[in-house]
């Protein structure tokens, strides 16, 4: 009689064991799906950040070239440091950087101050098959905004004997006293402008 009871208990425990194992497997697959989605979102954000910065850095370099060409005319400096005088065509660089991160982007120059670029990256890869329906065709998207801000301050020369002098540039990383007779030591793009990511909102 006792032996029959043990077999009966074992038979009742087996379905419970199967249920527990199935539940654990479901949780494991659910965590895997969450991990896949998270990795894809991170990839989209990385692509967006890199693309926005690449576009802004490309325009920063153009602004620096514009400043060098007009270094003897400080009356034009303020406009240049405000992002005027060059075409904002850095979106081509954004496309290149996005492609390197296996994504595509939409890219738009920012209006107003500070100048820069707003992009949205979409991953080429989908989240992939998982227990969550629809993920096999779902691509992650993420926005990013990069801005270009002047890193220097200066005071325009007044009238009189000082009118022929160039302003002293006081920048975040140093000070440049420019000699109009010797312009070999000029600040570089990274000295003149600060390029950084601005606040953003993330999408799935």
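Would you mind calculating the gained length between residue 78 and residue 99 on full extension (0.36 nm times residue separation, minus the Cα-Cα distance), in nm to one decimal? Don't skip to the answer; put the middle values down first.
Working: separation 21, 0.36 × 21 = 7.56 nm, distance 3.51 nm.
So the chain would gain 4.0 nm between residue 78 and residue 99.
Can you give the extra length, in nm with one decimal, that the chain gains between residue 106 and residue 65 once fully stretched, where that is 0.36 nm per residue apart less the Cα-Cα distance? Walk me through the numbers before you get to the answer.
On the way: separation 41, 0.36 × 41 = 14.76 nm, distance 2.66 nm.
Stretched fully, the residue 106-residue 65 segment lengthens by 12.1 nm.
Using a 7 Å offset from Cα along Cα-Cβ at residue 125, what residues in region 97-114 end up with backbone N under 12 Å from the label point?
Backbone N within reach: 101-103.
FYI, it's all coordinate maths here, none of it is from the lab. All of these numbers come straight from a predicted model, not from anything done at the bench. For neighbour counting, all protein chains shown are included, and Cβ atoms are generated from backbone atoms with ideal geometry for every residue, glycine included.
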